[in-house]
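Encoded as structure tokens, the structure appears first; notes follow it.
Every number here is computed from the coordinates shown, using simple stated rules; none is lab data. In this text, all values refer to a predicted model and were calculated from it rather than measured experimentally. Using ideal geometry, Cβ is built from the backbone for each residue, glycine included, and neighbour counts are taken over all protein chains shown.
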Amino acid sequence: MRQATALTTGIITCGLLLTFSAIAFGSEKSAPDSPASLESISFTRDVMPVLTKAGCNMGACHGSFQGRGGLRLSLLGFDPAADYEALVKEGRHRRLFVAAPDRSLILAKPLGRMPHGGGKRFEIDDPAHRVLRQWIEQGLAGPSPNDPQITKLEVSETEFVLKPGGTVGLSVQAHWTDEHARDVTDWAQYEAQDERVAYVSPTGEIRAVGPGRTSVTVRYSGYVAAVTITIPYGEVATDTPFLENNLVDTFITAEWKKVGLQPVALADDYEFVRRVYIDLIGTLPTPDEVTSFVADSDASKRSRLIDELLERPEYVDYWSYKWGDLLRVHRRYIGDKALWTFRGWIRRAVREDWPLDRMTRDLLTARGNLYADGPVAYFYTDQEPEQLAETTAQVFLGVRLQCARCHHHPYEIWSQEDYYGLANFFTRFEAKDNGDGGRYGGAKLLRPINRVSKDKRPKLQVTPSVFGHKVDPQQVEGDIRVELADWITAPDNGYFAQNFVNRYWSYMMGRGLVDPVDDLRATNPPSHPALMDALVKEFVEHGYDAKHLLRLICNSRTYQLASVVAPKQDTDNMFYSYHSVRRLPAAVLHDAVHQAAGVAAQFDGLATGTRAIQLPDPAVRSHFLDTFGRSQRASPCECASTDKPDLAQALHLINSERIHQLVVHSNGRVAELVKQKMSDELVIEQLYLATLSRPPSEKEMQQVKRFVQSAPSWQAGYEDLLWTLLNSSRFVFNH
């Protein structure tokens, strides 16, 4: 009797629940077809893509670090096991009801039948709803270690050329380890890099919006791909009358023809000489150097000048300074004595034109005394294995791996295992007391060991690996970092050569073939892949010679095109149809101001005449350099320094007492010119050459003469002219 009563009570209770379900969530008749006609649902292969496509595990929703509404999922579904636990077992088991699937919160909330912070995500007849409901009806099967793993994501086409308004649909196929392949077009996620050029719908249909080039990112289950979209500016050109100096011009000309662009004319000698001096040696040409170059009638003078600049001492100063920014040479990390040792090693490498693979190997395998062996400082600038992994990936491979420290990289295939695999290369060395009794700082001797150091244990201790290349420490005799250096600098490792080709190209051309320059990934493809491949091949074949790469770029007619301030086409200059105008880097601008004014710089603690590009680190105080965005060397990112103009910079040039003192200095350029009792025309011309690297036009000459003659004195007029030129855009920008 008691059992019968319990059974009756259960039936009544169940009936009430089902009645409530029908009222609150809709009749059972509105549910999809019976799952008997559908295939078995896999949590990993079917449910996880549904949650990702619906946006449930995005960073702005349940995929955030703290979750949303009491539910926390792994970002973009990188951890199916944890997500299964959260959905099925947490939340007092209220999220899923096998006996009554439509009462499940995971269905009711996205359908809008219950309050949901994320709003309505799908309709009852959507495939997403059918998959989730069928999975619940089938008993909530969970992930298994034996589940097939995705091996490849394949897009039907990787490049499209469309006319404005044209459309094309993508087809995406995923392949698994069980040799199963499936069309996942409806479940993949799509994102257009620049929606001014192309828009992509949630179903993968691309619509051309405006002329230019962009990429569409395709993501599915941790795998990514990219599709390049090009929309021509006009009719595709059959011929572009442009002489080609080298392979750079060959590939760029082909792109102009493809998109219907015509390049501007070549820069004249005045514009070229200023540009190449600034780009190669970070220094303005003197008036005599400008006039001498322009007067030279030799047809090969530009090429000859490039060779001469690459051998100048200023080349060593400038590129050592740039490497100092990249490697974060700073006394805050390594102290004063090691600062000069590390800096000296960099200067030697630049002066002797060491191949970049040699520099890299020396840094990654450094050992010895911090105060005697410069590369050892690399392991004191960053000391934790995780920090060393991030810096190594970004500096030498151009890969931003930081995201993978906590979760699967959202825009790449790199996982936490990849992140900590790289970090584990930096666990087998230790710092020991160098036996000097503390006279030079104590324990500063770095040496490799054949075990994991007790103070260098990363969060995950996995097999040392770099982007899939695993190394068994038990099979390595000696320093395991040698294995890492071998892989990174190997000719068949595309990341290393592509990284430095891209960096040096951006230094010369104003933007990288991949932009940002240190963010190489499948979803950020090169704007000109064929040119990138050709430059990488050239760079590798010439032994990673930085000077050869710079010489190749600067000798191209593409580099030597005239600059354009307000282009009507190719506004971001992705196709390099003109030369981009860029503000001078902070150190270069500082030196240019002093050189133009004819007054040597003075930094605290350093010899008079020390230039900004010769400074050892940012600890040398300079309000000017800080205002104009010098790198504080706190990050290996190229973005640590900036050449973006702002109001504070303009006000500094206009109002700075220091700038005024340079202009009116008793031994400055103006004072010296006045002493020589030159004519107005010659003084004005000299001031133009010293600042803008060109003489004034006839119109400018007449205007300036009237201005000078109306001043209280000749000298005051010339000083005002110099101040005006220093504040002009033509001086502050490289063009």
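A few points about this structure:
- Legend: ranking of residues 449, 281 from fewest to most surrounding C-beta atoms inside 10 Å; resulting order 449, 281.
- Anchor residue 470: aspartates and glutamates whose Cα lies under 14 Å away (excluding residues fewer than 8 positions away in-chain): 417, 418, 483, 486
- Virtual spin-label span in nm between residue 604 and residue 387, 7 Å along Cα→Cβ: 2.5
- Dipole moment magnitude, nearest 20 debye, the chain about Cα centre, only Lys, Arg, Asp, Glu C-beta charged: 2180
- Dimensionless Rg over Rh [region 586-734; C-alpha; Kirkwood]: 1.01
- Loop-located trypsin sites (Lys or Arg not before Pro) in region 606-697 (DSSP state other than H, G, I, E, B) with a sparse environment of at most 12 neighbouring Cβ atoms within 10 Å: 621, 677.
- For region 389-403, putting each phi into the Karplus relation 6.51 cos²θ - 1.76 cosθ + 1.60 with θ = phi - 60° gives couplings of 5, 5, 5, 4, 5, 6, 6, 9, 10, x, 10, 8, 9, 4, 4 Hz, in residue order, rounded to whole numbers and with x for Gly and Pro.
- Whole-Hz couplings from phi, Karplus 6.51/-1.76/1.60, listed for region 630-637; x for Gly and Pro: 5, 5, 8, 6, 9, 8, x, 6
- Estimated distance in nm for a label pair at residue 367 and residue 151, the labels positioned 7 Å out from Cα along Cα-to-Cβ: 4.0
- Karplus-derived 3J(HN,Hα), 6.51/-1.76/1.60, for each residue of region 180-185, Hz, glycine and proline x: 7, 10, 8, 6, 10, 4
- Pairs from 677/705; 163/258; 258/568; 432/454; 152/459; 257/537 whose Cα-Cα separation, in the structure shown, is over 20 Å: 152/459; 257/537
- FRET efficiency for residue 332 and residue 308, using Cβ-Cβ distance with R0 set to 41 Å, rounded to 0.05: 0.65
- Computed over the chain, relative contact order equals 11 percent, with contacts defined as Cα pairs under 8 Å that lie 6+ residues apart.
- The amide H of residue 286, built 1.01 Å from its N in the peptide plane, has no neighbour under 5 Å, considering only residues 5 or more places off or on other chains.
- Fewest-first ranking of 637, 403, using other Cβ atoms within 10 Å as the exposure measure: 403, 637
- Overall form of region 150-231 per C-alpha gyration tensor (a/c, 1.5; a/b vs b/c): prolate
- Helix 529-541 axis, angle to the chain major axis (alpha carbon atoms, nearest 10°): 60
- Panel order for 65, 342, by other beta carbons found within 10 Å of each beta carbon, from fewest to most: 65, 342.
- Charge dipole (Cα centre; +1 on Lys/Arg Cβ, -1 on Asp/Glu Cβ; no other charges) of region 460-553 amounts to roughly 400 debye.
- Virtual spin-label span in nm between residue 646 and residue 246, 7 Å along Cα→Cβ: 3.7
- Cα gyration tensor shape of region 355-486, rounded if a/c is under 1.5, else prolate or oblate by comparing a/b with b/c: prolate
- DSSP beta bridges confined to the chain are antiparallel in about 90 percent of cases.
- Dipole magnitude for region 29-137: about 460 debye, using +1 per Lys or Arg Cβ and -1 per Asp or Glu Cβ, origin at the Cα centre.
- Efficiency of FRET between residue 571 and residue 477 - r from beta-carbon atoms, R0 51 angstrom, step 0.05: 0.35
- Counting only lysines at least 8 places from residue 89 when in the same chain, those with an alpha carbon closer than 20 Å to its own are 109.
- Annotation: amide H-H contacts under 5 Å for residue 246 (H modelled 1.01 Å from N, sequence separation of 5 or more, or interchain): 557.
- Ordering 596, 668, 111 by Cα displacement along the dipole of the chain toward the positive end leaves 111 in first place; charges were set at the Cβ atoms of Lys, Arg (+1) and Asp, Glu (-1).
- Solvent-free Debye calculation, one equal scatterer per alpha-carbon of region 29-137: log10 I(q)/I(0) at 0.12, 0.18 Å⁻¹ equals -0.36, -0.87.
- Listed by chain and number, the aspartates and glutamates whose C-alpha is less than 15 Å from the C-alpha of residue 301, apart from same-chain residues fewer than 8 away, are 268, 269, 271, 289.
- Gain upon complete extension [residue 196, residue 289; 0.36 nm per residue less C-alpha separation]: 29.1 nm
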